Amino acid sequence: MPVPEPDAPRRAALLTLGCARNEVDSEELAGRLTGSGWELVDADAGTADVIVVNTCGFVEQAKKDSIDTLLAASDAAAPRGAKVVAVGCLAERYGAELAENLPEADAVLGFDAYPELAQRLGDVLGGHAPAPHVPVDRRTLLPISPVERPAAAGDVAVPGHAWVPNLARTRLSDAPVAPLKLASGCDRRCAFCAIPSFRGAFVSRPPDDVVAEAAWLGMHGVRELVLVSENSTSYGKDLPGGTTALARLLPRLTHVPGIDRVRVSYLQPAELRPDLLEIIATTPGVAPYFDLSFQHASPAVLRRMRRFGSREDFLGLCERIRALAPEAGIRSNVIVGFPGETEADLAELEAFLTGARLDAVGVFGYSDEDGTEAAGYDGKLPSEEIARRVEHITSLVDELMSQRAEDRVGTEVTVLVEAAEDEDFECTGRADHQAPEVDGECVLERGSGLEVGDLVRAVVVGTEGTDLIVSPRETVARSELAAAGAGVGVRPAPANPPPLLNIANVLTGVRLLLVPVFLVVLFVEDGTDVGWRLAATGVFALAAITDRFDGELARSRGLVTAFGTIADPIADKALTGSALVGLSLLGQVPWWVTIVIMGRELGITLLRFSVLRHGIIPASRGGKLKTLCQAIAIGLFLLPLPELVGAVAVVWVLRWAVLGLALALTVGTGVDYVLRAVRLRSAATAAG
């Protein structure tokens, strides 16, 4: 590679837009520049001789952001006569057209210019800017047969694949997480996507190169690797051994010194093999995280998109994942307003999102992309209608993601700290189910004293939308997770578990003791005395309120214990059961009501235990509403309302209206639990 003259300016700033794949490309470019004698500076410092903007050309908004950044860079460069150079996907995709319409960019360079970037920038500074890049369909640059591509790839510029020991990446961030490129390009022909045309045909990196670069990153302070590509499930299709290559590579990466967590991104649902699913879900050191590109759930829309699947297929995949890893994170993106999408198609998507309980969902409105098949489709929807559908689905997924976050309260998570606490901001990081940038984060309680790069086990004690509030328990030594995967170096249980005698457990114990007190008070004078009935109602209400707060206290203060986990539902069932039996003995509530409610509670409890080896059936919002309605109904029957207010007919209607709702919810949620248990067991059986 030519070396610039000693007196030539050697200060460059790099600005990166778009996805993690672009971040890898920028760090490769930074390595090329520093290896050629250039100095990297901050774009805001005003000392750069060249500002290189690595653009994104994925969708309309990304293009606009890239152009805005180029214009802003031009404004920043003007006072000292610095140059602005556009690289990346937008430059590769539009080339000369971009240069013609954006004179603020002093040069527009495609991927083919990357190997000689230092020389090209020197030419720009010397007033000899290279001719603007002329785009080509990069799929034509490699053989059609995947197995022939590795040999041919050496003659084609493939960004992010050039790492070798003497051309190491130059990290542009000191974050404890870094993207690592598995492959580039894509062989799929999705009707809405232009990426293959400018990123090229799919080509994998050799596994040894990936492991070597992972080791280099581990030596530079990285604790989490995010494996990126356009389609990670295709990794290895062009290598010996085929598409089992990723399932073999992941365990190797967990044993790289310094690396504690490996995350895979960009998975195609139709290509997710059972062996890879199991490796991701169960391998220590691999985050049980599934970034699945569903895009829609209506078979009709998916076919027009040139994709595969249906609501049932995708829900079944989610069930199989959770059968192996109940707390696995699942995220996806969806496109609404695709040409020909009907209200029925949209309803199918809603039904899938509601049933899938995804942790994170990106919602995009369809827009035509140059050169794509869908750009020529009939049935285009008005932009106003697309915006309405985007708003509708976004509102739905915001609520669903918040509910999913609430489901995690009380669970343990392992958090990689990415921002330390200061006087203005709290300490934040990400758990296994949270990827950088695109998902929620964990907010650690103040005063934790944790630093960037710490890995800590914590208990989820609350939520803020999709973010989790967590209470730290213990830090994890570097590479411990990888060591655990090898069967050595496993740390013992937390040194300071919550004490058995804590306020949450005391409240649960008090609630258990209130059950016999309630029964004694209820049967004084055969339950006919108004004063004693009021007292019994008061004891029941106190116990019910205690049920609401002991669990909240345990989760919010990190006081969850085995005793509380077992005793809390026992106390709940004992209180409800004793009240219903007592009221039936007094002739207030028919026995069939008591049998239905208690039979359901006992049956569901046994069902949960019977499928526990397959996974956990989490409590639903309907179940929580059922419990509330039961408590209100019992309270209405306990209160001596006819004696206190008269209006016997009105009281009868009120009592049975609430009890009827409680019965409907009792039966409905019971059926729902049975169906979920059947799906869970079936998914576990299918997964082997």
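Looking at 155, 174, which is the one that is without any contact (Cβ under 8 Å) to a residue 24 or more places away in the chain, surrounded by fewer than 21 Cβ atoms within 10 Å (Cβ to Cβ) and over 30 Å from residue 293 (Cβ atoms)?
Answer to the selection: 155.
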Quiz item: Can you pull out the residues in segment 279-310 that are crowded, with 21+ Cβ neighbours inside 10 Å and of a type in the set (Val, Ile, Thr)?
Solution: 280, 286, 301
Self-check item: Number of the exception - residue 191 against (1) in a loop (DSSP other than H, G, I, E, B); (2) open to solvent by 10 Å² or more (accessible area, probe 1.4 Å)
Solution: (2)
Quiz item: Just for segment 433-465: of the residues that are closer than 25 Å to residue 21 by Cα and out of contact with any Pro (no Cβ under 9 Å at 6 or more places or on another chain), which one is surrounded by the fewest Cβ atoms within 10 Å (Cβ to Cβ)?
Solution: 437
Quiz item: Restricting attention to segment 194-204, and to residues there that are over 26 Å from the mean Cα position of the chain (by Cα) and assigned to a loop (DSSP other than H, G, I, E, B), which single residue is modelled with the highest pLDDT?
Solution: 201
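Of a type in the set (Phe, Trp, Tyr) and either assigned to a loop (DSSP other than H, G, I, E, B) or modelled with pLDDT under 70 (or both): which single residue out of 609, 637 fits that description?
609
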Quiz item: Tally time: how many residues in segment 328-347 are in contact with a helix residue (DSSP H, G or I) (Cβ under 7 Å, 6 or more places away or on another chain) and not aliphatic (A, V, I, L, M)?
Solution: 6
Exercise. Answer with yes or no whether residue 369 is buried (at least 21 other Cβ atoms within 10 Å of the Cβ), over 20 Å from the mean Cα position of the chain (by Cα) and at pLDDT below 95.
Key: yes
Quiz item: What are the residues in segment 400-431 that are out of contact with any Gly (no Cβ under 8 Å at 6 or more places or on another chain), part of a helix (DSSP H, G or I) and of a type in the set (A, V, I, L, M, F, W, C), if any?
Solution: 400
Practice problem: Mind telling me which of the residues 542, 519, 512, 501 ends up being farther than 30 Å from residue 250 by Cβ and at pLDDT below 80? | Solution: 501
Quiz item: How about segment 612-629: which of its residues are in a helix (DSSP H, G or I) and either modelled with pLDDT under 75 or open to solvent by 50 Å² or more (accessible area, probe 1.4 Å) (or both)?
Solution: 621, 622, 623, 624, 625, 628
Quiz item: Within segment 56-72, is there a residue that is more than 31 Å from the chain's Cα centre (by Cα) and either of a type in the set (Gly, Ala, Ser) or open to solvent by 10 Å² or more (accessible area, probe 1.4 Å) (or both)?
Solution: yes
Quiz item: Considering segment 194-235 alone, what residues qualify as being among the small types (Gly, Ala, Ser) and in contact with a Lys or Arg (Cβ under 8 Å, 6 or more places away or on another chain)?
Solution: 194, 197, 200, 201, 204, 229
Quiz item: Based on what the data block shows, is residue 335 farther than 22 Å from residue 375 by Cα, surrounded by 21 or more Cβ atoms within 10 Å (Cβ to Cβ), under 20 Å from the mean Cα position of the chain (by Cα) and modelled with pLDDT of 95 or more?
Solution: no
Practice problem: Check 390, 397 and return the single one that is open to solvent by 30 Å² or more (accessible area, probe 1.4 Å), touching a residue at least 40 places away in the same chain (Cβ under 8 Å), in contact with a strand residue (DSSP E or B) (Cβ under 9 Å, 6 or more places away or on another chain) and not in a strand (DSSP E or B). | Solution: 390
Quiz prompt | Criterion violated by residue 553 - all others in (1) modelled with pLDDT of 70 or more; (2) in a helix (DSSP H, G or I); (3) more than 24 Å from residue 671 (Cα to Cα); (4) open to solvent by 30 Å² or more (accessible area, probe 1.4 Å) satisfied | solution = (1)
Quiz item: How about segment 209-295: which strands (runs of 3 or more DSSP E) wholly inside it have at least 1 residues that are touching a Leu at 6+ places or on another chain (Cβ under 9 Å) and of a type in the set (Lys, Arg)?
Solution: 261-264
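The values are calculated or read from the model by the stated rules, or taken from the named source; none is laboratory data. In this text the structure is predicted, and so the values were computed from the model without any measurement. Ideal geometry is used to build each Cβ from the backbone, glycine not excepted, and the neighbour counts take in all protein chains shown. Side chains are part of the model used for accessible areas, which takes the heavy atoms of the whole protein and leaves out ligands, DNA and RNA. Shrake-Rupley method; radii C 1.70, N 1.55, O 1.52, S 1.80 Å.
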